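The values are calculated or read from the model by the stated rules, or taken from the named source; none is laboratory data. These numbers come from a predicted model, not from an experiment. Cβ placement follows ideal geometry from the backbone for every residue including glycine, while neighbour counts extend to all protein chains displayed. All accessible areas refer to the heavy atoms of the entire protein, side chains included, with ligands and DNA or RNA removed. Shrake-Rupley method; radii C 1.70, N 1.55, O 1.52, S 1.80 Å.
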Amino acid sequence: KAGVTQTPRYLIKTRGQQVTLSCSPISGHRSVSWYQQTPGQGLQFLFEYFSETQRNKGNFPGRFSGRQFSNSRSEMNVSTLELGDSALYLCASRRDRGTSDTQYFGPGTRLTVL
Amino acid sequence: AQSVTQLGSHVSVSEGALVLLRCNYSSSVPPYLFWYVQYPNQGLQLLLKYTTGATLVKGINGFEAEFKKSETSFHLTKPSAHMSDAAEYFCAVSPISGTYKYIFGTGTRLKVLA
């Protein structure tokens, strides 16, 4: 069974630009969550999508947005990039049978903002 | 609100020695508990999780963790460290009811000395 895939793996952008990251969950998984990982702040929850609807949201500005498609694939968008947005962005999927359900993580997209 | 504390951002052990990584949670109701490992430039991989039942949980790569409700702890151990165990380890909690959201600890970087 294929794992969670994320594209691209590496991305370099400049301040003010926008970026879209993509995540394909494990087949059969309906929930997709996004996390930002930085050395200073650690792993921070961005948002979670289920059945094309945002179900939970972390404490990030509106520049961070996402969506989920009918096939459960998800995209995350960051507009007006800032230097502080440089991070590893991780996507995780789960089958969604309850809060005990395990999240499976992708390899991440390393975003560098210059 | 739930929180997770991992004592020691860096831990060094000699090869063959006991590994002990500490995790304490703060929650009025014991949550579900997870340990993940992250190798450089990779996503997070589930080591083990506790949901219900036996409080001593065995995971992959020889790791195990014990849920102690009285101490609100879920420490991760391995009897004998191997060089390949060098990585960052994250403890996470998920509520047993209500809004689904993983809360991660700040991580512990394990170094194994030859």
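Things worth noting here:
- Counting DSSP beta bridges with both ends in the protein assembly as shown, the antiparallel % (nearest 5): 90 percent
- All aspartates and glutamates inside 13 Å of A:Lys57 as judged from Cα atoms, apart from same-chain residues fewer than 8 positions distant: A:Glu48
- Per-residue ³J(HN,Hα) for the range A:43-51, Karplus 6.51 cos²θ - 1.76 cosθ + 1.60, θ = phi - 60°, Hz, x for Gly and Pro: 8, 10, 6, 9, 6, 10, 10, 8, 6
- Label-point gap, in nm, between A:Phe60 and B:Met83 - each point 7 angstrom along Cα→Cβ: 3.8 nm
- Rolling a 1.4 Å probe over the heavy atoms of the protein chains gives chain B an accessible area of 48 Å² per residue.
- Cα-based equivalent ellipsoid of the range B:60-111: semi-axis lengths in Å, sorted from largest, via gyration tensor: 24, 14, 9
- For B:His10, net neighbour charge (Lys/Arg +1, Asp/Glu -1) across residues whose Cβ lies under 9 Å away: +2
- Taken across both chains, chains B and A shield about 1700 Å² of accessible surface from a 1.4 Å probe.
- If you wrap the Cα atoms of chain B in a convex hull and average its projected area over all directions, you get 6.9 nm².
- Per-selection metrics, the range A:7-55 (Cα): Rg and Dmax in Å: 13.1, 37
- Rg and Dmax [Cα atoms of chain A; Å; Rg one decimal, Dmax integer]: 13.3, 41
- Over all pairs of different C-alpha atoms in the protein assembly as shown, the reciprocal of the mean inverse distance, the Kirkwood hydrodynamic radius, equals 18.2 Å.
- Here the range B:1-98 exposes an accessible surface that is 52 percent carbon and sulfur, computed with a 1.4 Å probe and the other protein chains kept in place.
- Computed with a 1.4 Å probe over protein heavy atoms only, the accessible surface of the range A:1-82 comes to 51 Å² per residue.
- Set of lysines near B:Lys49 by C-alpha distance (under 17 Å), chain-local residues within fewer than 8 positions excluded: B:Lys58, B:Lys68, B:Lys69, B:Lys78, B:Lys101
- Annotation: Cα Rg of the range A:34-94 relative to the compact-globule expectation 2.2 N^0.38 Å equals 1.10.
- Among beta bridges from DSSP that stay inside chain B, the antiparallel ones total about 85%.
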